[in-house]
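One structure is given below, encoded as structure tokens.
The values are calculated or read from the model by the stated rules, or taken from the named source; none is laboratory data. Please read all numbers here as calculations on a predicted model, not as lab measurements. Neighbour counts are summed over all protein chains in view; Cβ atoms, including those assigned to glycine, are modelled from backbone coordinates with ideal geometry.
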Amino acid sequence: MDMNQAREFAEEWVESWNAHDLDKILSHYEGDFEMSSPMIRKHENVHSGKLKGKADMSSYWARALERSPNLHFTLINVLLGANSVTVIYEGVRGLSAEVFHFSESGKVEAAYAHYNL
């Protein structure tokens, strides 16, 4: 992945969330991807803060979109790593960052959300 591809991913990802389009959001991820977030710990009462797979994440994100009907992300920056991208954005929790690790297919296999809580 190069910087242009990383930026394109970030723009599409933000656009998907801003459209509240769950299918489009999930299209960026592998079927068995793992998501880590302090919000999973808080809202799902999962001590590890991790959920795995599109089925569990679809339910979790559907409830998150219901809780935040005015959800809107503003892309601030994109950082490129080795098989990973960090998206820095302004969201409902203020300054936020998500780190995405990609599989060989180009889909996200693991994601880590970070917030200024």
Take the residues of the stretch 52-83 that are part of a strand (DSSP E or B) and farther than 23 Å from GLY94 by Cβ: which is nearest to the chain's Cα centre (by Cα)? LYS52
Out of LEU22, LEU26, I need the residue that is touching a residue at least 40 places away in the same chain (Cβ under 8 Å) and in contact with a Ser or Thr (Cβ under 7 Å, 6 or more places away or on another chain). Which one? LEU22
Residue under question is GLU90, and the condition is that it be loosely packed, with under 14 Cβ neighbours inside 10 Å, in a strand (DSSP E or B), at pLDDT 95 or above and charged (D, E, K, R); does it hold? yes
Of SER84, SER48, SER27, which residue is of a type in the set (S, T, N, Q) and buried (at least 16 other Cβ atoms within 10 Å of the Cβ)? SER84
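Tell me, yes or no, whether the stretch 58-74 has at least one residue that is farther than 18 Å from ASP21 by Cα, out of contact with any helix residue (DSSP H, G or I) (no Cβ under 8 Å at 6 or more places or on another chain) and at pLDDT below 95.
no
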